[in-house]
Amino acid sequence: MSKPSLILFDLDGTLLPLDQDAFLKLYFSALAKKVSPYGYEPDKLVHALWKGVGAMVANDGTMTNDARFWETFSGLLDENILHYMPVFEDFYRNEFHMAKDASAPAPLAKDVIAAAKDTGAKVVLATNPLFPVCAVETRLSWIDLTIDDFDYVTTYETNRYCKPNPAYYRDILTHIGTTPEQTLMIGNDINEDILPTQSLGIASFLLTDCVIWEKDKESVIPGGVPAGNYAELLEFLKKYNQ
């Protein structure tokens, strides 16, 4: 493709190398410990959390993801949980750092973002908007990046759809004011990052360090999609400036 005007980056497994199973275990354990003193059983809390996540993934765009989550979450627990929203925010700014143990260093992450910016494109953190902005800030800090390193960041407060819904990507294009043909998506998940963007005509690059293949299918890179590790991604982006 010609030089893009918009470059999208996934976070978990892309900019932030992550063992997803270990991350979820640490995350849920720490959150349950934080909230249990307020009278909520860990198993019920985690069950309601998963249901809330499912509701966000299935969101039809009629409300923001955070509204959808808390509607579902409080409906399964009780309305009083809404009074403890500040407790959840405090968790994401503090105890959530415990989940860093499930991540790995990403020494080239800042270089990759710098190379993307050097193309002149707008750079967006297209992380699945299942978390509040404070949780995104925390995870970015693990790789020495901040929200200010991006022109736009998707979070559950501002977005109405989730991956793999193509409408999630359409909303980003609308917000930035560009077209699929001028956009590049960089991600590690075939189902969430590559196939939905392909369906819209958005070019993509598959990062293979923590690649997630299509479920129950042979591990095959979709046709026409360049792929490689961090070093290869960096060289791929630098070619736009040659």
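Got a number for residues in the stretch 105-114 being surrounded by fewer than 21 Cβ atoms within 10 Å (Cβ to Cβ) and modelled with pLDDT of 95 or more?
Looking only at that region, the number is 5.
Considering only the stretch 25-41, how many residues are touching a residue at least 24 places away in the same chain (Cβ under 8 Å) and either assigned to a loop (DSSP other than H, G, I, E, B) or closer than 19 Å to Ala167 by Cα (or both)?
1
Please verify whether Leu31 is surrounded by 19 or more Cβ atoms within 10 Å (Cβ to Cβ), closer than 25 Å to Asp144 by Cβ and touching an Asp or Glu at 6+ places or on another chain (Cβ under 8 Å), treating the condition exactly as stated.
Details: surrounded by 19 or more Cβ atoms within 10 Å (Cβ to Cβ): yes; closer than 25 Å to Asp144 by Cβ: yes; touching an Asp or Glu at 6+ places or on another chain (Cβ under 8 Å): yes.
Yes, satisfied.
Considering the stretch 233-242 alone, what residues qualify as being exposed (fewer than 15 other Cβ atoms within 10 Å of the Cβ) and either in a loop (DSSP other than H, G, I, E, B) or not basic (Lys, Arg) (or both)?
The answer is Glu235, Asn241, Gln242.
For the stretch 113-152, which positions are within 22 Å of Pro196 (Cβ to Cβ) and more than 17 Å from the chain's Cα centre (by Cα)? Walk me through it before giving the result.
Initially, the stretch 113-152 is screened for residues within 22 Å of Pro196 (Cβ to Cβ), giving 116, 121-131, 136, 139, 150-152.
Answer for the stretch 113-152, where residues must be within 22 Å of Pro196 (Cβ to Cβ) and more than 17 Å from the chain's Cα centre (by Cα): Ala116, Ala121, Lys122.
Quick check on the stretch 199-213. Is at least one of its residues farther than 18 Å from Leu108 by Cα and polar (S, T, N, Q)?
Narrowing the stretch 199-213 to residues farther than 18 Å from Leu108 by Cα: 199-204, 212-213.
Now restrict to residues that are polar (S, T, N, Q): 199, 204.
Yes: one or more hits.
Would you pick out the residues in the stretch 42-90 that are open to solvent by less than 70 Å² (accessible area, probe 1.4 Å), of a type in the set (D, E, K, R) and not in a loop (DSSP other than H, G, I, E, B)? Let's see the steps before the verdict.
Here is the first cut: in the stretch 42-90, the ones open to solvent by less than 70 Å² (accessible area, probe 1.4 Å) are 42, 45-46, 48-49, 52-57, 59, 61, 63-70, 72-75, 77-78, 81-82, 84, 87-88, 90.
In the following step, the residues that additionally are of a type in the set (D, E, K, R) were identified as 66, 68, 78, 90.
Matches in the stretch 42-90: Asp66, Arg68, Asp90.
The values are calculated or read from the model by the stated rules, or taken from the named source; none is laboratory data. From a predicted model like this one, the values you see are computed outputs, not experimental measurements. A quick note on method: Cβ atoms are made from the backbone with ideal geometry, for glycine too, and the neighbour counts reach across all protein chains shown. Surface areas here come from the heavy atoms of the whole protein model, side chains and all, with no ligands, DNA or RNA. Shrake-Rupley method; radii C 1.70, N 1.55, O 1.52, S 1.80 Å.
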